[in-house]
1. What number goes with the only condition from (1) within 14 Å of chain A (Cβ to nearest Cβ); (2) in contact (Cβ under 8 Å) with a residue 24 or more places away in the chain; (3) part of a helix (DSSP H, G or I) that B:Leu250 does not pass?
2. Looking only at segment B:327-345, count how many residues are part of a loop (DSSP other than H, G, I, E, B) and either at pLDDT 90 or above or surrounded by fewer than 17 Cβ atoms within 10 Å (Cβ to Cβ) (or both).
3. When the residues of segment B:267-276 are filtered to those that are in a helix (DSSP H, G or I) and more than 11 Å from chain A (Cβ to nearest Cβ), which remaining residue is farthest from A:Pro69 (Cα to Cα)?
4. Do we have any residue at all in segment B:71-89 that's aliphatic (A, V, I, L, M), in contact with a Gly (Cβ under 7 Å, 6 or more places away or on another chain) and modelled with pLDDT of 90 or more?
5. Tally the residues that are near ligand 1 (Cβ under 9 Å from one of its atoms) and either of a type in the set (A, V, I, L, M, F, W, C) or not assigned by TED's automatic domain parsing to the domain that holds B:His337 (or both), restricting the search to segment B:281-307.
6. Can you tell me how many residues in segment B:346-360 are within 13 Å of ligand 1 (Cβ to nearest atom), facing chain A (nearest Cβ under 7 Å) and not aliphatic (A, V, I, L, M)?
7. In segment B:311-345, what count of residues is obtained for those that are within 11 Å of chain A (Cβ to nearest Cβ) and more than 10 Å from ligand 2 (Cβ to nearest atom)?
8. Across segment B:347-362, what is the number of residues that are under 15 Å from A:Arg202 (Cα atoms), in contact (Cβ under 8 Å) with a residue 24 or more places away in the chain and within 14 Å of ligand 2 (Cβ to nearest atom)?
Amino acid sequence: MTLDTPTYSKHSTKTGQVEAYQRVQRVTTTWRIIHWVQALSVVVCFITGLFIAKPFIQTSSIYSALPFPIMGWSRALHFYGAMILDTSMILIAYLYLFSRSHRDITDLRPTPEHRSAFKEAALNFITFNRRRRFDTTKRDPLLAVMFVLLHLLLLLQALTGLQLYVANFSDNLSSVGSWWPQFLHFTTDWTATVFGGNVGVRMTHLTASWLIIAWAVFHIYYEIWRTIMWREGDVGIMFSGSKYVRVKDDANGS
Amino acid sequence: MDLDRRSLFSGALRHRGSQQNESEQLALKQKYQERLKEVEAMEPLSGLSLPALLVEHRLSRRNFMMWASAMTAALMLPPVFEKQVAEAATLLNRVPVIWIEGQDCAGNSEAFIRSAGPTVEELLFQTISLEYHETLMAAAGFQSELRKQTAAQMYKGKYVLVVEGAIPQGENGAYCTIGAAGQTFYEEVQQLSAGAALVIGAGACAYYGGIPKAYPNPTNAVGVSSVVSGTPVINIPACPMNPINFVGTLIHYILTGAAPALDSTGRPIWAFGNLIHNNCERRAHFDAGEYVQQWGDLGAQNNFCLYKMGCKGPFTYNNCSIVRYNEGTNWPIGVGHGCIGCSQPEFWDTLAYERPMVSANIHAPGLAGLGIESGADKFGLGLLAVVGVGIVAHAIASAVGGREKVSTMASSSSSEAASGGTTEKKEGE
Ligand code: SF4
Ligand code: SF4
């Protein structure tokens, strides 16, 4: 989080007061790319997943099929999306723990400061922005915790998904060698035991996908809400990498 | 005999196809040949021999060799093993078999004997030395009991025990007793499996408890693997099991003297290594997004995929999409009905509904699917337990923290009590 050298933009409000804003750099380009790649993958996986679970498109005439194998493509896109999500998650986990610029894991240490910031952000949200007693230039502490939750859900999705994926292989055959299915069996077979066999794993995968979508809906709402209520252009963080914070302009005595 | 997970079929031969090393193949052939010689030297236990039966039933040698080549392929062996498979089939009369039934419908026995004409499997079923089979034997009562005991003693350590049906464990197994002596099936399985060379669980009920184990499982039924310990168990599920898979397992046993490679639930991989769906003749329609939407619609008439009618082929491991039933005549999906997952664990509760999995709203009614009466009972008991724990916790807390207060109050005059109260309040703060 770096504050730029003052590039104030001043606006006159109705009451004649002048508000000054300062640009705050919030996320790196890498971070933004990962964010949008993941967001797109989640959307693709969700839509194709719905189709795989219960195909909802079919040509009305049985004599003319769709011009492309729609289920084949749905499954392919679902798997590609999943592979992108899974690998990007490994990348994120790495940056989270070992990034050279900022290790996000440090944001999660339950220090008194972090705890009060989280509490204040949560209270602010449920009191409809009645109390803003935390530093909005920094990363939203509420969202920081929410993101951990999302990644736990994505991890669950990856494990159950790969278990369902490898269940579809014929024995240990795969295009990249037998080590791959063996590796998948080794890492994900426990999910079948925990969730009650293939059917249980499937149901967990479906339930988790709805939780992720519910999460995404909340996330979008919260971003828009923040932007409207705080008037600091928060929604722009993931587009431009920066937001604006209001600065007290003593000259105007506000 | 130990259960070799990388047995000859799967370990040495799986997925090698035409690339297979010839010398390896030759070595394996020799090994089988030696084993076959050994078996041949054994005394035939039943008076029936396959060649004679084939002649009697007007099945030509050509018919038989066709069957043998199909069996060789099903066992995932290269064609050069055809002759050995055929030879192994003629040697099946060397294996003593004891076949017992518990909670079942005898459907797996029926699958063998109810074909339209005698199939090779049926004839093979006649040649195996069936020492005991309640449904098929002429003896009854104490006589049959005696037969069972004699056979178990005579072939101790050599016989193959086939268990058909689930094993009820509730009420000490009293839900299923066998024979004139009223022995429970649970005991019978334990007793006979101890002396067996191999236990074969025939059908879905012997596999994971099947239909007797379906919710709410009143008899506390389980599959064979949960009861037998110390003897290798091979599960051949499906409802009914495919005779090919049973005979194939026996042929494997004749050829190698060992159980075939099994998956994590004890099913032979050569038969249960693939999803129905991956070898289904309607698969192209699945990928293309062409589904039957209603029984008898145009899609159904054109053999479209049955996924939306609840086909569970994508979740079911079996080879019926390849070997089919009744000598390859047809199979369920071939005649237009989706798979119900009969060879999967607990298929009755988890797969056997004719709707896609996501629209199957088949949970039992009542709180959290616990059932109507049983749900109320469990809810009530749970509530009672919570109240009980609360009372106990409250009583303990009162006893520990509150007693002194009471004694001060009781032993002092009213003014003192008032001051005592104040003191206490301070302490509390
Ligand atoms: S009919 Fe069943 S097994 Fe066959 S392709 Fe369709 S879903 Fe798969
Ligand atoms: S198609 Fe499915 S339900 Fe039918 S016999 Fe085969 S495994 Fe069993």
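The values are calculated or read from the model by the stated rules, or taken from the named source; none is laboratory data. Small disclaimer: the values here were computed from a predicted structure and weren't measured. Reconstructed Cβ throughout: ideal geometry from the backbone, glycine too, with neighbour counts over all protein chains shown.
1. Single failed check for B:Leu250: (1).
2. So in segment B:327-345, the residues part of a loop (DSSP other than H, G, I, E, B) come out as B:327-329, B:331, B:336-345.
Narrowing the set further to residues that are either at pLDDT 90 or above or surrounded by fewer than 17 Cβ atoms within 10 Å (Cβ to Cβ) (or both) leaves B:328-329, B:331, B:336-345.
Number satisfying all stated conditions: 13.
3. From segment B:267-276, those in a helix (DSSP H, G or I) are B:269-272, B:276; that's our starting set.
In the following step, the residues that additionally are more than 11 Å from chain A (Cβ to nearest Cβ) were identified as B:271, B:276.
Numbers: B:Ala271: 30, B:Ile276: 20 Å.
Ranking the candidates gives B:Ala271 first.
4. Step one: list which residues in segment B:71-89 are aliphatic (A, V, I, L, M), which gives B:71, B:73-77, B:80, B:85-86, B:88-89.
Now drop any that are not in contact with a Gly (Cβ under 7 Å, 6 or more places away or on another chain), which leaves B:71, B:74-75.
Checking which are modelled with pLDDT of 90 or more leaves us with none.
No, the conditions are met nowhere in segment B:71-89.
5. The number of residues fulfilling the criteria is 6.
6. Total meeting the criteria: 1.
7. Residues of segment B:311-345 within 11 Å of chain A (Cβ to nearest Cβ): B:312, B:314-317, B:341, B:344-345.
After this cut, where a residue has to be more than 10 Å from ligand 2 (Cβ to nearest atom) as well, the list is B:314, B:345.
Matching residues across segment B:311-345 total 2.
8. 2
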